[in-house]
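Undergrad: Input: one structure, supplied below.
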């Protein structure tokens, strides 16, 4: 599960680069924080929805 955010970050950086997003907008720190928040959301969504 830990590798998923890292792969997502790399894929997102590549996708945005190919779409022509300026380099200054591609801050790895920002995308890493977003990736961490999404990972937290994915890991806590099921227990919250099932009431555990």
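Undergrad: In the set 30, 17, which member is at pLDDT 80 or above and surrounded by 10 or more Cβ atoms within 10 Å (Cβ to Cβ)?
TA: So the residue among 30, 17 that is at pLDDT 80 or above and surrounded by 10 or more Cβ atoms within 10 Å (Cβ to Cβ) is 17.
Undergrad: Specify the residue that is surrounded by the most Cβ atoms within 10 Å (Cβ to Cβ); the eligible residues are those in the stretch 1-12 that are outside any loop (DSSP other than H, G, I, E, B) and at pLDDT below 80.
TA: The residue in question is 5.
The values are calculated or read from the model by the stated rules, or taken from the named source; none is laboratory data. This is a predicted model, so every value here is computed, not measured. Quick reminder, even Gly has a Cβ in these numbers, built from the backbone with ideal geometry, and neighbours come from all protein chains shown.
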